[in-house]
């Protein structure tokens, strides 16, 4: 571990400058947190109409795959961070070698860019995960399906996952047979096979870690998925034993330490019907399962990420209300969110709405709503009505998107 | 009343554009609220290093006293609003006559620009206020001192107030004798005399009103002043009878209606030892006594102002915690706030800090802190320690600034 580049600019008596590569909604919401902390916030955007570029004064245009663009962007920044995990390793290494403070580091980010490497490292660390195998052919996958699972039963379905990225916005396919496998493999994308875990629900744990090694964990949340997309987050996760909650928080903090993550680490998990918890995915940035923290926690995930990467003391992750429910606004066909906002604000004056300024496309996350209070059922109802209405003009959920190859998880 | 220019852009299916004249910390904090609501936010700034200009993507440079600059700024905005009350009436009228939606209106803003007009209108409305008289000479003030007061006893001290604006950042002087009066009058600024109210404490009520006539009132707060500057706000005001609280909220809502204020109206009040409440000052914009609402209320005053001027449904003013204490960070001699931030964040991980990005000058408001919880005494202690430390590097209050003519209120 090499932390000699830790930001020390606070002693210099000026506002720190944080550069975030990427200008999506995560950068947009981080920008709002930077305002309060007196941080100069810069984003690297591809176009002026991107979510964060609309609102950030110090927007630099460039290509996150270009070392030249990244180096120009990083000049004058005290810390570089990311709203996505797509900056290639060579470019990350170039930034670090030039002496820039880059959090999370290239070494840590690798485990979000190469899922097979992530699975390998987690297995080394003894972290419970679904069983995986590299596969190159339908025969490999059929063989994988025939071998014994560590959690689920052997056999079909088998999950195929893109080692890195995906296509059509998807990187996970649940395949019921060899024909579905062949369809996915036809894209030529490197994938691996993963046992299908018959989970009861999905959980997520969000932690933050600073260069000094301090860490904080937010309450464990439940992430409700529909068609492979997170639609709702319940904080704290209902019906979770105190023992499991503490174990999951510890898992998150230990993973952040063991993978040397600086900033946020979001860990998505499966909970099986037997109460086992398995790691599904990792992200090292503000995460959809943490959006509820803007109003629902004493320190939002966006403020926390800034505090962590600046090596400032971390903020309290305590909840600001007994229960918080976040629901994503998933685009439907009506492009006009603001035309429907009046109804939502009038119907529920205590609801919090975040709109990302993104053009509506079917299934796209274009905003979210958060309801805070005590009664989970009524909070879920309020959040669902509002998010559905913003998307479709009806308080009922939108119709399911058309299926592609395989099924979404 | 003329509301035909009410913003109707939401029906057009695009993000509304709000232009705020002025780029101080009020515009900066409004900008952060606009991010969440998907509002395009534009500020008119004098220089790139102003508080809001540092963070707002759509910053336009110009002079708020120039009709040309204001008209260019307003082009493309759905609503024009203000972070100060200094735009002259002629320029406000020009904007309105050109068809721009201007909230609050020129007619309403006049009552924040001409305090004698405000006092006259409030007296017409039967609102309890200190007795005032226009004065032009020391003899006028001496005669005023000799006449009977409506609340306090007649005689000295007498308060002199600038009719509009002030100098050296001050517009209020408490004069103990004719010599002090002569010193204030020597500046040639139009002033009026006001009876000195021997108040027990200062209260404030913040309300919002939309063009449709809907209004909401926040809880009544206590504003603690030192040397004429607000140093601390306690929400809700402690030891206030429920009857007085409701009467003050009603007063705020009725004043907003009677003065036809659209957006926020902050009313500063004196509470006498007999429990009488008198109106001291008005502001028609986000106000220092409402900063606690960022984390302490379900809807912040900044979000509320935007919702009101856009004629959106107003948000719940309910408190997000039983008690909130806000303390201003008043600049001392050390220019480096961020160098002291680590201590404050480490000492109190649940404290919320807002820094405005302004150069430190003695007595200048450069940030604030907010503590949320239940026990007022401990919240005040936390807020005071943090704000003092950020200002001076010590948890004790800063020394008093040097006195000028008269005494501050």
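Side notes on the structure shown:
- Only a single item in (1) without any contact (Cβ under 8 Å) to a residue 24 or more places away in the chain; (2) within 12 Å of another protein chain (Cβ to nearest Cβ); (3) closer than 18 Å to residue B:203 by Cα is not met by residue B:274, and it is number (2).
- Segment B:305-341: number of residues that are closer than 20 Å to residue B:381 by Cα, part of a helix (DSSP H, G or I) and away from chain A (no Cβ under 12 Å): 0
- Considering (1) in contact (Cβ under 8 Å) with a residue 12 or more places away in the chain; (2) surrounded by fewer than 18 Cβ atoms within 10 Å (Cβ to Cβ), the lone condition that residue A:85 does not fulfil carries the number (2).
- Among the residues of this structure, residue A:281 counts as one that is under 15 Å from the mean Cα position of the chain (by Cα), assigned by TED's automatic domain parsing to the domain that holds residue A:224 and closer than 29 Å to residue A:162 by Cα.
- Given (1) at pLDDT 95 or above; (2) touching a strand residue (DSSP E or B) at 6+ places or on another chain (Cβ under 9 Å), index of the condition residue B:377 fails: (2)
- Within segment A:283-294, not a single residue is surrounded by 24 or more Cβ atoms within 10 Å (Cβ to Cβ) and assigned to a strand (DSSP E or B).
- Restricting the first member to segment A:176-202 and to residues that are within 17 Å of residue A:133 (Cβ to Cβ), and the second to residues that are loosely packed, with under 15 Cβ neighbours inside 10 Å, the beta-carbon pairs closer than 6 Å and six or more apart or on different chains are A:192/A:134.
- Of all the numbered requirements in (1) assigned to a strand (DSSP E or B); (2) within 13 Å of chain B (Cβ to nearest Cβ); (3) in contact (Cβ under 8 Å) with a residue 60 or more places away in the chain, residue A:371 misses one, and that requirement is (3).
- Residues being modelled with pLDDT of 65 or more and more than 16 Å from residue A:119 (Cβ to Cβ) - total across segment A:148-162: 4
- Considering segment A:348-371, the residues that are out of contact with any strand residue (DSSP E or B) (no Cβ under 6 Å at 6 or more places or on another chain) and within 18 Å of residue B:307 (Cα to Cα) include one that is surrounded by the most Cβ atoms within 10 Å (Cβ to Cβ), namely A:357.
- The number of residues in segment B:48-92 that are in a helix (DSSP H, G or I), more than 20 Å from residue B:109 (Cβ to Cβ) and either within 14 Å of chain A (Cβ to nearest Cβ) or touching a helix residue (DSSP H, G or I) at 6+ places or on another chain (Cβ under 7 Å) (or both) comes to 0.
- Scanning segment A:179-204 for residues that are in contact with a helix residue (DSSP H, G or I) (Cβ under 6 Å, 6 or more places away or on another chain) and either surrounded by 15 or more Cβ atoms within 10 Å (Cβ to Cβ) or under 19 Å from residue A:266 (Cβ atoms) (or both) returns A:181, A:192, A:193, A:204.
- When residues of segment B:244-276 are limited to those that are in a loop (DSSP other than H, G, I, E, B) and modelled with pLDDT of 95 or more, the one surrounded by the most Cβ atoms within 10 Å (Cβ to Cβ): B:262
- Failed item in (1) more than 11 Å from chain A (Cβ to nearest Cβ); (2) more than 18 Å from residue B:294 (Cα to Cα); (3) touching a residue at least 60 places away in the same chain (Cβ under 8 Å), with residue B:383 passing the rest: (2)
- Exclusive hit being more than 30 Å from residue B:271 (Cβ to Cβ) and at pLDDT 95 or above, set B:110, B:121, B:65: B:65
- Among the numbered conditions (1) more than 27 Å from residue B:326 (Cβ to Cβ); (2) surrounded by 21 or more Cβ atoms within 10 Å (Cβ to Cβ), the only one that residue B:111 does not meet is (1).
- Selection status of residue A:290, facing another protein chain (nearest Cβ under 9 Å), within 19 Å of residue B:35 (Cβ to Cβ) and in contact (Cβ under 8 Å) with a residue 12 or more places away in the chain: no
- Any hit, segment A:211-228, residues being more than 25 Å from residue A:331 (Cβ to Cβ), modelled with pLDDT under 95 and surrounded by 20 or more Cβ atoms within 10 Å (Cβ to Cβ): no
- Considering residues of segment A:15-45 that are in a loop (DSSP other than H, G, I, E, B) and more than 10 Å from chain B (Cβ to nearest Cβ) only, the residue nearest to residue A:360 (Cα to Cα): A:24
- Summed over segment B:342-357, residues that are closer than 14 Å to residue B:370 by Cα, at the interface with chain A (Cβ under 8 Å from one of its Cβ atoms) and assigned to a helix (DSSP H, G or I) total 1.
The values are calculated or read from the model by the stated rules, or taken from the named source; none is laboratory data. Just so it is clear, the structure is predicted and the values come from calculations on it, not from any experiment. Virtual Cβ from ideal backbone geometry, glycine too; neighbours counted across all protein chains shown.
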